[in-house]
Amino acid sequence: MLSELVTSANFNDSTFTLWQVITVCDQVAGGFYFGKKIIGEPYSREDEDLLRTTISSAAHVLENLQLYSELEHARERLAAENLTLRQQVRKEMPSYEIIGASIAMQKVHENIENFAKSDAAVLIRGETGTGKELVARAIHYQSPRADSPFVAINCTAIPESLVESEFFGIESGAATGVKQRIGYFEQAHGGTLFIDEIGDMPLSSQAKVLRTLQEHTVRRVGSLKEIHVDVRIVAATHQDLKNEIKAGNFREDLYYRIGVLEIHIPPLRQRHSDIAVLATHFLSEKEKKIGRVLQGFHPDALKLLQRYDWPGNVRELENEIERIVTLADDGESIDEGHLSPHIMDEYSSGSDETLFLENIRDAVDRLEKRMILKALAECKGNKSQVARILGLSRLGLQKKMKRLNLAEKGMQ
Ligand SMILES: Nc1ncnc2c1ncn2[C@@H]1O[C@H](COP(=O)(O)OP(=O)(O)OP(=O)(O)O)[C@@H](O)[C@H]1O
Ligand SMILES: [Mg+2]
């Protein structure tokens, strides 16, 4: 957006005129005109030069003002466009619905609602895959900062030597061949910065992050200029930060800064009632994604899912359901035979802790069903072979299969 400057002077014995027209974006934005009828002493060459310089300087000032106001308009237009795009993206984003109505999850929902109203830092604690990032996004998108950026970073993914430039940015030329880069704090200006696995942040960087949280300014690497940033911090960790403080790995002052509000998401094994709801939710999500229609879960399969320990928490459950939907045939109902072997194994080889007291007949049925399904898979459906392996007559096997409602398809 460069203006074209037109300068013209007209000088003769009796009149003297000078003008300068300023155009911005091909439109006349203003100008200066000076005209005088000369009576008596004519203007000297010096007078003319002085006027030329004065008008030219004033014209530059006016031009800059015009450019500035054009830029302001452009900035406002971009900001409005940005907001519309952000709202559109949010509408089109996969839903960030947090599933679970166990007492523990009711508490999490309540915390999210209350913490979204505040602007204080939040620390989310929980094992891997419990939904820490999901909760962080929910807080942001329910907060007044929702239309500003949500920037998520994982400290474990950043090499120690890059932490500073990634968080605070870097000026071009700060090191050979380095181009200017804006850091996470500046990117999240006006919004929320989600710092995942904050317990893994190197001690040297912790001091600098603390300084930014206290002073609300950042200094890019290679610069002395302080840049104001308005960012809400939501951090997450699977570690016990108090232990890390004792071990000298985490700064206590930073802990108190980031942990003003705290949310603990319990592991899935401590909220069994959420498993069936989550499994059903993921089933319909994955059916849509993969383009398959199944008949839902057989109650025995759901029972097994509920008894498994889920060390990888909700993420592991989601992956298990995706695997099942990928491998199952259209129209099938999901039974024990569809589950991953380790989910079945845990139950059969389970310690007394995982042993579930129930009707022995049901437990024996379940075991028989699993053994038959496994043998059928290994023998590619050949029932005579299956009967031999399991020590049954072919007729005995058929009767059992009928009683256990085992499908006949694909068997010989
Ligand atoms: N309550 C829930 N309802 C629906 N989906 C969930 C829930 N909890 C977790 N998920 C899903 O499980 C997956 C893992 O969640 P997320 O990434 O938030 O976990 P995390 O605690 O941040 O894990 P990590 O510690 O490994 O970073 C995501 O796909 C998320 O959508
Ligand atoms: Mg995470």
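Bear in mind these aren't lab numbers, they're just calculated from the coordinates by the rules spelled out. Just so it is clear, the model here is predicted, and its values are computed rather than measured. Neighbour counts are summed over all protein chains in view; Cβ atoms, including those assigned to glycine, are modelled from backbone coordinates with ideal geometry.
Observations, loosely collected:
- Extended-chain gain in nm, criterion 0.36 nm per residue less alpha-carbon gap, ILE98 and ARG86: 2.2 nm
- Highest average packing first - 132-143, 117-128, Cβ atoms within 10 Å: 132-143, 117-128
- Candidate lysines - alpha carbon under 30 Å from LYS369, same-chain residues fewer than 8 apart omitted: LYS286, LYS288, LYS303, LYS380, LYS383, LYS399, LYS400, LYS402, LYS409
- For the pair ILE389 and LEU367, a Förster radius of 22 Å applied to the C-beta separation gives a FRET efficiency near 0.90, rounded to the nearest 0.05.
- Protection proxy ranking, highest mean first, for peptides 97-105, 160-168: 160-168, 97-105, where packing is the per-residue count of other beta-carbon atoms within 10 Å, averaged.
- Between SER161 and GLU287, the distance separating the two model label sites (each 7 Å from Cα on the Cα→Cβ line) works out to 5.2 nm.
- Of all beta bridges that DSSP places with both ends in region 103-266, some 15 percent have antiparallel geometry.
- Region 103-266: Rg to Rh, with Rh as the Kirkwood radius over Cα pairs: 0.97
- Summarising the label geometry, the points placed 7 Å from Cα in the beta-carbon direction at ALA146 and ASP330 lie 3.9 nm from one another.
- Close Lys-Lys pairs in region 103-266, where close means Cα under 24 Å and separation is 8 or more or interchain: 10
- Summed side-chain charge close to VAL277 - residues other than VAL277 whose Cβ falls under 12 Å, Lys, Arg +1, Asp, Glu -1: -1
- Calculated FRET value between ASN405 and ALA175, using beta carbons and R₀ = 60 Å, to 0.05: 0.30
- In the distance distribution for region 95-174, Cα-Cα pairs more than 15 Å apart total 65 percent.
- With the convex hull constructed from alpha-carbon coordinates only, region 199-278 shows a mean projected area of 7.5 nm² over all directions.
- Global form of region 274-403, assessed from the alpha-carbon gyration tensor, a/c cut-off 1.5: oblate
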